1. Residue under question is ALA15, and the condition is that it be over 19 Å from TRP97 (Cα atoms) and free of Cβ contacts under 8 Å to residues at least 12 places away in the same chain; does it hold?
2. Considering only the range 87-101, how many residues are part of a helix (DSSP H, G or I), farther than 23 Å from ARG5 by Cβ and open to solvent by less than 80 Å² (accessible area, probe 1.4 Å)?
3. Name the single residue that is modelled with the highest pLDDT among those in the range 30-76 being open to solvent by 70 Å² or more (accessible area, probe 1.4 Å) and among the charged types (D, E, K, R).
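The values are calculated or read from the model by the stated rules, or taken from the named source; none is laboratory data. Owing to the predicted nature of the structure, the values given are computational and were not obtained by experimental measurement. FYI the Cβ positions are ideal-geometry reconstructions off the backbone, even for glycines, and counts take in every protein chain you see. Surface areas here come from the heavy atoms of the whole protein model, side chains and all, with no ligands, DNA or RNA. Shrake-Rupley method; radii C 1.70, N 1.55, O 1.52, S 1.80 Å.
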Amino acid sequence: NDMKRDLAGSIREIAGFLDIAINPERFPDIARHCGFDYMKAHASLAAPLGGTLWEGGAQTFIHKGTNGRWRETLSPGEIRDYEARASAELGVDCAAWVEMGRCIKAVA
């Protein structure tokens, strides 16, 4: 979600975390290749094993680029059970990362 909202900022944040310098001349290409539309158009390059593990292939793996669609499928009780299990098994920070793509501390 962060990347769809602010792709350039997210790329810079990730590069900074990894201590990777970004060549400003290459940044437009980097951003284009990291964008959802490009990834969807080239899904077989981004999906594990080219998408062969998913029914519908790589296009199914890279579907809409949004988080939380599973909430429309699960009942409120199933969501509570999932959230409790994810926090217990992974810890609160990791469970938040799995759901939102970032640590609670970074969101706060």
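1. no
2. 1
3. Looking at residues that are open to solvent by 70 Å² or more (accessible area, probe 1.4 Å) and among the charged types (D, E, K, R), I get ARG32.
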